[in-house]
Every structure is written in structure tokens, then in C-alpha cells.
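Enquirer: Here it is: the structure, laid out below.
The values are calculated or read from the model by the stated rules, or taken from the named source; none is laboratory data. Please read all numbers here as calculations on a predicted model, not as lab measurements. So basically every Cβ, Gly included, is an ideal-geometry build from the backbone, and we count neighbours across all protein chains shown. For the accessible areas, the whole protein counts, side chains as well, though only heavy atoms, and no ligand, DNA or RNA atoms are used. Shrake-Rupley method; radii C 1.70, N 1.55, O 1.52, S 1.80 Å.
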Amino acid sequence: SAIYELSCEAYKHLGKTSNYYWIDADGSGALGPLKVYCNMTEDKVWTTVYHDLQMQTSVGGNSPEKLSVLQLNYSATMDQISAITSSAEYCEQFISYSCKMSRLLNTPEGNPYTWWVGKANEKHYYWGGSGPGIQKCACGIERNCTDPKYYCNCDADYKQWRKDSGMLSYKEHLPVSQVVVGDLDRPGSEAKVSVGPVRCQGDRNYWNAASFVTSSSYLHFSTFQGETSADISFYFKTSASDGVFLENLGNTDFIKLELKSATEVSFSFDVGNGPVEIVVRSPNPLNDDQWHRVNAERNVKQASLQVDQLPLEVRKAPTEGHTRLELYSQLYVGAAGGQRGFLGCIRSLRMNGVTLDLEERAKVTPGVKPGCSGHCTSYGMYCANGGKCVEKYNGYSCDCSRTAYDGPFCIKDVGAFFEEGMWLRYNFHSPGTSVKDLVSRTLLSSADPEITAPDLSLNKEELSFSFSTTKAPCVLLYVSSYTPDFMAVLVNPNGNLQIRYNLGGTKEPYNIDIDHRNMANGQPHTVNVTRNGRDIVLQLDHYPPTSYSLPATSDIQFNSPKALFLGKVIEIGKIDQDIYKYNTPGFTGCLSRVQFNQIAPLKAALRPTNASSHVHIQGELVESNCGASPLTIPPMSAATDPWHLDSASADFPYNGQAIGDGVNRNSAIIGGVIAVVIFTILCTLVFLIRYMFRHKGTYHTNEAKGAESAESADAAIMNNDPNFTETIDESKKEWLI
């Protein structure tokens, strides 16, 4: 039975995160497993297969040969890659030709000098950004070539470097297996070729499903060809207690899979030696409207049946007698020959490595509907941190809008690095909304609708966030009100955490002090405070939760909350003496996944949501995950990537060379001159200290934005971190001093 999943999509729905995985695109078929990179950061999963051709491979330079052939060797066979591209919704592969006096497609009329070879060894005469049958490059389609007489930049035959690049996205032609370069035999002709990995998105097979509405409904397909070996796998979901999944008959031979009872799945067949039946019994009912996976295999040696992760049931084949399964009738999925058919959903039905298109067949069959609903019952638990599972026609997605998290499963931290003096204010009451309307939407859970505008107050709060800092004292978070009430989370001068409540009725605010633990140690810490009336529960990092109680005289209403502050408190009126002292110079460090009841202030600041109008920021907020949890960030688009230069030498900055070219030397020299002009030891010291502290904060950011598509740590940072250019600029200035 399959040890590997069939696709990246399948790994995603086991709750896995972006990584390299082995996938087996045709089950136990002949292809065998291959290793791919699964990128789960978007709604649809990307599957990436790499090859060995270096970016910017040079060809030519007065070479006497007429043609130069570049061969690409993939980490998979062509058949394996075809299995991925054929089941994908969309595939693409980047291709780029940088040229100096080397023509590409010889437009507008001539025979192409250069072409690429794709699937099935076919030659293709179109380039990235264009499509089959169109002998043009991207600039020819967009009508912005250097010389409008030609349809490729390179065809103008200039002595300066030019480039034609773009995505090949006609998936039936992918992957690129060879690039053949022609126009290199003149003095001064040079070219460089880059080809990216094959990337495919979506998986049409994984969600290909049909709903059987009546017990007499069925779909029929051509006879199953499984003489010597049969490998059948599918998912089912039902609330009925029995029904036939599928059946194919011969004269006396047959093969059949059925749900015999609420806890039994049966695989039976006859190859001419009499019927054989294998039954898997489940300790829990299988008609619970959740997805269950069935895998049945038969070959000349043995037959086996597996349901979900239950033990595999195996039956050895008899040593004598028949081994070939001879079938004649059509393959019936659902009710066959007057038997009671299966009621419910079957999806991703694969017979010997081929996914049957249940969806297409269901569209033209009465009693069967294409697709399936109710995926959340099985997969909703993967939507973490309060994310809501949303049903989709083919699958589900997680709605993270009411959480402080992001990403497909609401587990990606949204955080930011605060420099000294920076602060963020989130106003609970925004201009233009009535207090009542706003409060009932955000601060109060829907269970307390009876509170009206004038006497808005909170009986309970839930606050959670993560932080890291090396500076004490500081104010991490402060909730102000239109009354003297407030709540604050502070780090005192010794680096210990303090939670402070002032709800009235007591002379002094009520403090919870967590002594003997230095929180200003630069490590990420998580804080979770829940108050319900008088009872407060605090959980810190992975320590067990501790309970506290407000003094008997204390009021238990948090009256008229006004705003939430991060980093520093900028509030009019009287302010608590200690908070006033801790407030300067302000918090330096990282804050992430901040949530107060239904409000996620940092996320509102960093992601445009309908709550963004409530946010005011002083200073520049730099997004960072604060090292609070692993994070993968997709590579930047060319438009925002500071390293995507339109020169020949900076096509894909995977080698160290591109760094030197990319740095803006002017700014480095100006920096140096200014530093020399104001040349005092004091100035240098101040500069150095600021530099050190700045990078203490961004260190986590740079490191954690992992090497998603890069071949070295440098490349990962270059690809992903817009701050990296600054970093280099600053270090250059230093060096010039």
C-alpha cells in the first residue's frame, strides 16, 4: 500500500507545512516516488521540481559550433513530471535568454536560431511570456521591444546586453528538457540562459468527487484492466450504514468494494478459483460523515485492504490455479446490478494510478451530483488559533480574519519589529460608527448583546501576544479608557513581567508580578491573560497557567475602554506614575500575534482589513515573525524585489556575484563622506550602537525567512527581505569610515 501521499495537496490536508516531500503520483504504479518541494503558504499548494542547469549558464563567446545544446536533468523522470503536470490546474516554468549580438527567434519572418525542447521531445519556437504557435517573446506580445521592428529584444542584434524572459505556462509542453542555442558563430556573440524549476499549482485529482444522491444511482466507466494487478484507492464520506462502492463483472470473475455495515469495508474478487473476501473492521463507525480512505490492492502473490490508518488486512493468493482477473462488463461506481448502491460522496478514485473523472461523468448522470460539500467536518481542525473553516466546492479554506494569525491554516504569526520611540494605537471607537455598533462587533463576544452604548464596559477580557526584547523597563501593551480604568503589561527594570489592573475601588492598581524570570533576554515569550469578573488566569510560555483574584473591594467592570497601545503610551490626562517612568524611551524589540478579545491590532496595521482605519502608527513598522514560530515567505515579485535588476548579470541572484552589482555605491560613498565630515569618536560610537541594536531586532527576521527557493542562506535573505539592501548599505558605510 502507498507509503507516500499522492500529491502536495494530500500532504497539506494532513496539516503539513512547506517542505520537501516524497510523492507517488500513480500509487503503486510503475512510476515510483519522487521528491518535490511543496509550498503551502498560499491557498493553493505549489509543487516544485528542480533540475541541475545553473542560472545564467554562459554559451558562446566566438565558439565555432553552430549549435550549443543545454541539457536539463531533473530530480524526477519525464513520466513522473507528466503525472504532476497533467493533474495540476496550472503549471509554469521561467525561461530567460540574455544576449549580446545573439538573435533568439529571428523575428519577424526568419527561422528561429534558438528553441527549447519540452515533453515528448517536441521542439517549441515560442519563448517565455508567449504561447504555442506564436513565434514571439513577451515584449512582442506586450509591444514594448527595444526595437519595435522585432518581436524579441535579442532579435535587434545589439552589441549591448539585452534580455528576453518570461513564464512558459502551457503545461502540456512542460517541462523544458533542452535549450538549443544557435546564433553564436560571429565574433562578439555571447548569450546566457536561465531556466527555473517547474512549478505546478492545484491538484484536480485530489478533490475530483461525486455525490450519490439515491441508492440506485451509479456512474459507469470502461472495463477495468486489472488482469494481473489491481490498485484501487479512494476517499468516501457517508451517513448511510451500507452500500456498494464499485463493481466490475466478468463471466464468473469479478472485483467489488463495498461498505458492508457501519464498521466494515469489504474487498472481494474471483479470478477463477472461487470468491475471496477481505474485510477490515473499524472500532469506530465509518458512517460519521467524515472522509475515510480506502486502499485495495491485488497481484499474483497476495491481496490487501486498508482503511484509514487501521491495520492492513492481507490474504496470500493460492499457489495453484488461476491468477488472471478477466472482466467484461463496464465498471460501475455506485449501485450495480440492482444492488443497494452507496449513498454519499466518493472522491479521488484511482484505478491502477489513473484518477477517474467522477466529476465530469456526474454532470451528465441523473441521481449523481459533481463535487462534494462538507469538507470542514473532516478538515476543520486544521484551521488553528480560532480560524474558521469555510466550505468550498473543491475543498475548504481557513478564514483567519478574526485571529491574529495568517497563512492557509492561521498558524503564521503576524508581528513587527519596534524601534525605540515607535508606537501603535488602536482606537476601539472610530469616527463614524456608533459606540454600540462597534462594541457589539469587536470587544464583546456575541453572548453579551444587551450592553448599550453609554454604559459600555467589559466584564471579561482575553489578551494574548508574543514578544522579545533586551531592554527593560518598558511598556509592552496598555489598554486605556475614558475613565481612570486601565490595564497594562509591563517589563520592570529587573526584566520581570508585571500585569497591572486598575478597575477602581482600590487605592492602588492591582499588580501580578512574575519575579525570578528575566523576560528581557532576547528570547520570544508568549503571554496569555484571561479575566472573567474577579478571576484572572495567566499563562506564560509553556509554564502551567496560574490563577489570581482581584481584591474584594475592586470593581470588576473595565469601564469605557478607549484605545490599545503597543510600544509606548501616548494618552492625554493623568497617567500611572510607574507607567510614566517606564514609557521612555519606549519598547525596542518584537511584538507578534497580539489579540485583545476579537481585535488583532498588529494585523490590522500590517494587513489591509476593515479595521485598519482604527490604527495609528508612529514610526515605520517593519514586519517580522519575531522568531515566535517557523515561517516561510514566498519569494518576492520582480516589482518589489530590490535584487531584480534588468541587467544581464542579475537575472536570478543565486550567486554571490549579484550582491556586489546590486549595492548602490553612490549611497555608500555619500554615507562615507558624511561620516568623514562629522568625524568624531562620539559620532562613530553612537552610530555603532544604533547599528547593533537595529540588527539585534532584524536578526530573527532575516534568519527565519527560510530558503524557500534559494540555494544558499544569502540568497534566501536577498530574495525575501527588502531590508537586506539597507543592511548592506549600512555595513558599506561603516567600512568606508
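Enquirer: For the stretch 208-370, give the percent of accessible area contributed by carbon and sulfur heavy atoms, probe 1.4 Å, rounded to a whole number. Display every interim value, and only then the final one.
Expert: On the way: 3490 of 7230 Å².
Using a 1.4 Å probe with all protein chains present, the stretch 208-370 comes out at 48 percent carbon and sulfur.
Enquirer: Amide H neighbours of Y218 under 5 Å, counting only residues 5+ apart in sequence or on other chains, H built in-plane at 1.01 Å?
Expert: A335
Enquirer: Can you work out the FRET efficiency for the pair D43 and Q71, with r the C-beta to C-beta distance and R0 = 41 Å, to the nearest 0.05?
Expert: On the way: r = 36 Å, r/R0 = 0.87.
Efficiency, from the Cβ-Cβ distance: 0.70.
Enquirer: In the structure shown, do any of K66/K192; K44/K363; K66/K163; K44/K192 have a Cα-Cα gap over 27 Å, and if so which? Please report the intermediate quantities before stating the final value.
Expert: Working: K66/K192 16 Å; K44/K363 24 Å; K66/K163 21 Å; K44/K192 33 Å.
In this structure, K44/K192 lie more than 27 Å apart at Cα.
Enquirer: Show me the ranking of peptides 177-183, 70-76 by mean Cβ neighbours inside 10 Å, starting with the highest.
Expert: Numbers: 177-183: 20.7, 70-76: 16.6.
Packing proxy ranking, top to bottom: 177-183, 70-76.
Enquirer: I've got another one for you. Using alpha-carbon pairs under 8 Å, 6+ residues apart, how would you state the relative contact order of the stretch 208-370 in percent? Walk me through the numbers on the way to the answer.
Expert: Details: 443 pairs, mean separation 66.5, N = 163.
The normalised contact order for the stretch 208-370 reaches 41 percent.
Enquirer: Here is a follow-up. As a quick test, which of the pairs K260/K316; K16/K460; K388/K574; K16/K256 have an alpha carbon distance above 30 angstrom in this structure?
Expert: Distance filter (> 30 Å) returns K16/K460; K388/K574; K16/K256.
Enquirer: Now for a separate question. With label points built 7 Å along Cα→Cβ from the Cα atoms of Y90 and N559, find their separation and express it in nm.
Expert: Result for the modelled spin labels: 5.6 nm.
Enquirer: Right, here's the next one. Short version: ³J(HN,Hα) in whole Hz for each residue of the stretch 470-484, in order, from phi by Karplus 6.51 cos²θ - 1.76 cosθ + 1.60 (θ = phi - 60°), x for Gly and Pro, what are they?
Expert: 10, 10, 10, x, 6, 9, 7, 8, 9, 10, 9, 8, 7, 10, x
Enquirer: I've got another one for you. If r is the Cβ-Cβ distance from S401 to T57 and R0 is 41 Å, what FRET efficiency results, to the nearest 0.05?
Expert: E(calc), rounded to 0.05, equals 0.35.
Enquirer: Given a 1.4 Å probe and the protein chains all in place, what does the accessible area of V69 round to, in Å² to the nearest 10?
Expert: 80
Enquirer: Still on this model: In the full protein assembly as shown, how much of R315 is accessible to a 1.4 Å probe, in Å² to the nearest 10?
Expert: Only protein atoms counted, so the area is about 100 Å².
Enquirer: Counting only heavy atoms of protein chains, what accessible area per residue, in Å², does the stretch 132-260 have with a probe of 1.4 Å? Let's see the in-between values first.
Expert: Numbers: 5040 Å² over 129 residues.
On a per-residue basis, 39 Å².
Enquirer: Report the local net charge at P108: Lys and Arg +1, Asp and Glu -1, summed over other residues whose C-beta lies under 14 Å from its C-beta. Provide the component values of the computation, followed by the final result.
Expert: Working: positive: R103, K136, R143, K149; negative: E109, D147, D155, D157.
Taking every other residue near P108 into account, the sum is 0.
Enquirer: Separate question: Under the Karplus relation 6.51 cos²θ - 1.76 cosθ + 1.60, θ = phi - 60°, what is the ordered set of whole-Hz ³J(HN,Hα) values for the stretch 516-521, x standing for Gly and Pro?
Expert: Result, ordered by residue: 6, 9, 7, 8, 8, 9 Hz.
Enquirer: Ok, one more. Order M167, M519, most accessible first, counting only protein heavy atoms with a 1.4 angstrom probe. Mind dumping the intermediate values first?
Expert: On the way: M167 75, M519 5 Å².
My answer, sorted largest first, is M167, M519.
Enquirer: Is the shape of the stretch 208-370 best called rounded, prolate or oblate, per the rule: a/c under 1.5 gives rounded, else a/b larger than b/c gives prolate, else oblate, with a ≥ b ≥ c the square roots of the Cα gyration tensor eigenvalues? Walk me through the numbers on the way to the answer.
Expert: Working: a/c = 1.81, a/b = 1.28, b/c = 1.42.
Oblate, because a/c is 1.5 or more while a/b does not exceed b/c.
Enquirer: Pull out a ≥ b ≥ c, the square roots of the eigenvalues of the alpha-carbon gyration tensor of the stretch 290-356, then state rounded if a/c is under 1.5, prolate if not and a/b is larger than b/c, and oblate in the remaining case. Each step should come with its number before you reach the end.
Expert: Details: a/c = 1.98, a/b = 1.27, b/c = 1.57.
Verdict is oblate for the stretch 290-356.
Enquirer: Residue by residue through the stretch 543-554, what is 3J(HN,Hα) from phi via Karplus (6.51 cos²θ - 1.76 cosθ + 1.60, θ = phi - 60°)? Round to whole Hz and write x for glycine and proline.
Expert: 6, x, x, 10, 9, 9, 9, 5, x, 4, 7, 5
Enquirer: Between the stretch 532-607 and the stretch 472-515, what is the C-alpha centre distance in whole Å?
Expert: Answer, in whole Å: 7.
Enquirer: Right, here's the next one. Check Y151: other-chain or 5+ apart residues with amide H under 5 Å from its amide H, H built from backbone geometry?
Expert: Here T107 satisfy the definition.
Enquirer: Using a 7 Å offset from the Cα along the Cα-to-Cβ direction at both N597 and D308, what is the distance between the two label points in nm, to one decimal?
Expert: 4.0
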